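Presented below is the structure to which this report refers.
What follows draws every value from the coordinates through simple rules; no lab data is involved. Note that the structure is a prediction, hence the values are computed from the model and not measured. Note that each Cβ is placed from the backbone with ideal geometry, even for glycine, and that neighbours are counted across all protein chains shown.
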Amino acid sequence: MVGGIADPSVVPTPAVGQPSYPANLDVILDIDLPLAVRFGETEMTLDALTRLGPGSIIDLARAPDEPVDVLVNGRLVARGEVVVVGGSYGVRVTEVMSAADRLRSMGA
């Protein structure tokens, strides 16, 4: 502390098990980002799309026990399994993509 003012270049040591962040990162940590869960995907002809209606079934070619993709801002960041939380769907994260994998996906 200098003259009663905290030195912004000093980053407090995090508690054991807590992530270490630069001191100025807290400025952006409360920004909302779009998160989506991708259960599967497929391609359909325009003709098949025009015939969709109530009761139509779209085959996603995915087994029910396969992991789902967790996307943030359209980028894959994790995979997980679908769970029910208080009567709503949720995702239990089982794998987090490495920083290197996330950077590679940005170039794709």
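R62 sits among other residues whose Cβ lies under 12 Å from its own Cβ, and their net charge, with Lys and Arg +1 and Asp and Glu -1, is -4.
Over all projection directions, the Cα-based convex hull of the stretch 17-75 averages an area of 7.6 nm².
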